[in-house]
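The values are calculated or read from the model by the stated rules, or taken from the named source; none is laboratory data. Keep in mind the model is a prediction, meaning the values are calculated, not measured. Note: ideal-geometry Cβ built from the backbone for every residue, glycine included; neighbour counts use all protein chains shown. These area figures cover heavy atoms from the full protein model, side chains too; ligands, DNA and RNA do not enter into them. Shrake-Rupley method; radii C 1.70, N 1.55, O 1.52, S 1.80 Å.
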Amino acid sequence: MYKEASAWRRGQGPSESNHRARIDVMICHWRSLLALGIKFPSLTAGHRGTSPDHIGKMLDLSTVLLLAAGALFVFTLYTVLHDQRRAYAKIVYHEITIRIKDLLINQAKEKRVLQFVVENAVRGDPQSVVDHIDKYCSEMEWAMNVGDQKGLILDNVVKETNPNTLLELGTYCGYSTIRIARLLKPGACFFTVEFNPAYAAVAKQIIEFAGLKDKVQILEGNTHDIIPQLKKKYEVDTLDFVFVDHWKEKYLADTQLLEKCGLLKKGSVILADNVIVPGAPDFLEYVRTCDRYDCTHYPSFLEYMSEKDALEKAVFRG
């Protein structure tokens, strides 16, 4: 069964899916370029006739210029595109411009978020930490948190579910982890999975600063490896609530893996973010048509933007 939480609808037709695929490829290409930016200096060792430091500086400058040109191109795109395509262009534009700043000041954005929280939020106050991350990401640098508007939907679903055992796929800097953990009853067991060690390190510090270290266990690694270990290694019987907010192309595979590993029971709630932008059409089609879930669609807005996005709640029938 499928229902909308409000009247706004977005189609999931083949043309839109194909468009998402093209955009995903474009984003992947840009991410590859961004990743190369930190590897260029290592290619200079032993370069004949020029010092490695000099070559490294030249390549860093070339990287910045390349990214700047790309940012200008994408900015031009999102000023002329509409709706979903404009939202994709905005995401890519923000990623490129932030990566330029990372290279110029030799500090990752996620560490700047951490620094802002430590310097401005109240230690031991989860709501203060959430508010200051929202302030930083809405006023200074965009980040891929669930955000303040969709965060309220997340809060309500967690309160309604009142879970004992939870799993989050995609910790990032710990924003949604803190939103969830601050609402949990005593004794709740909360695992969050993060593949990127740098993100996990920042999340650990922010969660500890928020005073929630004892309520959350961060598991570092690939969801494909960690999910099958939850029963034996981490003594998880079944999950009451799963928040899915990692790589969108993994939403479906990890949902099916949760089923295969017997981690879902009747009434288990899966809440997936960004099901419109960047989008998870295969996940949506599966949970809405496989007759194993009752689904509710929650229209909202992309984090820290005015572009439309949504969350999807899928309740397992057992």
One residue is enough: does region 163-180 have a residue meeting the conditions aromatic (Phe, Trp, Tyr) and part of a helix (DSSP H, G or I)? yes
When region 282-307 is checked residue by residue, the ones that are open to solvent by less than 20 Å² (accessible area, probe 1.4 Å), assigned to a strand (DSSP E or B) and either within 21 Å of ILE91 (Cα to Cα) or among the hydroxyl-bearing types (Ser, Thr, Tyr) (or both) are TYR293, THR296, SER300
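Of everything in region 228-260, what is assigned to a helix (DSSP H, G or I) and either charged (D, E, K, R) or more than 21 Å from LEU154 (Cβ to Cβ) (or both)? Give them in sequence order.
The initial filter retains those residues of region 228-260 that are assigned to a helix (DSSP H, G or I), namely 228-229, 248-260.
Correct list: PRO228, GLN229, LYS248, GLU249, LYS250, ALA253, ASP254, GLN256, LEU257, GLU259, LYS260.
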Being of a type outside the set (Gly, Ala, Ser) and either touching a His at 6+ places or on another chain (Cβ under 8 Å) or buried (at least 24 other Cβ atoms within 10 Å of the Cβ) (or both) narrows VAL129, VAL122, VAL157 down to just VAL129
Inspect all residues belonging to region 215-235 and state whether any of them is open to solvent by 80 Å² or more (accessible area, probe 1.4 Å) and of a type in the set (S, T, N, Q). yes
| said: Taking the conditions exactly as written (of a type in the set (Lys, Arg) and open to solvent by 50 Å² or more (accessible area, probe 1.4 Å)), does LYS185 satisfy them or not? | reply: yes
All-but-one check, THR192 against (1) more than 14 Å from the chain's Cα centre (by Cα); (2) surrounded by 19 or more Cβ atoms within 10 Å (Cβ to Cβ); (3) among the β-branched types (Val, Ile, Thr), failing number (1)
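Considering each of LYS308, LYS231 in turn, give the residue that is closer than 21 Å to ALA188 by Cβ and not hydrophobic (A, V, I, L, M, F, W, C). Even if it seems obvious, please write down each step before you answer.
Numbers: LYS308 fails: closer than 21 Å to ALA188 by Cβ.
On inspection, the qualifying residue turns out to be LYS231.
Kindly indicate whether VAL202 is assigned to a helix (DSSP H, G or I) and open to solvent by less than 50 Å² (accessible area, probe 1.4 Å). Can you show your working first?
Details: assigned to a helix (DSSP H, G or I): yes; open to solvent by less than 50 Å² (accessible area, probe 1.4 Å): yes.
Considered against the rule, which asks whether it is assigned to a helix (DSSP H, G or I) and open to solvent by less than 50 Å² (accessible area, probe 1.4 Å), VAL202 comes out as yes.
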Check your understanding: Can we say THR171 is open to solvent by less than 60 Å² (accessible area, probe 1.4 Å), modelled with pLDDT of 95 or more and within 18 Å of the chain's Cα centre (by Cα)?
Key -> yes
When (1) surrounded by fewer than 23 Cβ atoms within 10 Å (Cβ to Cβ); (2) on the phi < 0 side of the Ramachandran plot are applied to GLY267, the one that fails is (2)
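Report yes if some residue within region 233-244 is without any contact (Cβ under 8 Å) to a residue 60 or more places away in the chain and under 25 Å from CYS137 (Cα atoms); otherwise report no.
No, that holds for no residue.
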Exception for ARG317 within (1) closer than 23 Å to THR165 by Cα; (2) basic (Lys, Arg); (3) out of contact with any Asp or Glu (no Cβ under 7 Å at 6 or more places or on another chain) falls at (3)
Listed by first then second residue, the pairs whose first member lies in region 111-140 and is closer than 13 Å to GLU208 by Cβ, whose partner is of a type in the set (Lys, Arg) and open to solvent by 70 Å² or more (accessible area, probe 1.4 Å), with beta carbons under 9 Å and at least 6 positions apart or on separate chains, are VAL129/ARG123
Within region 241-256, restricting to residues that are acidic (Asp, Glu) and closer than 18 Å to LEU219 by Cα, the one that is nearest to the chain's Cα centre (by Cα) is ASP245
Taking SER176, is it open to solvent by 60 Å² or more (accessible area, probe 1.4 Å) and touching a residue at least 24 places away in the same chain (Cβ under 8 Å)? no
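Show me the helices (runs of 4 or more DSSP H) entirely contained within region 84-161 in which 1 or more residues are among the aromatic types (Phe, Trp, Tyr). First the steps, then the outcome.
On the way: elements: 109-120, 126-139, 147-161.
In region 84-161, 109-120, 126-139 are the helices (runs of 4 or more DSSP H) which contain 1 or more residues that are among the aromatic types (Phe, Trp, Tyr).
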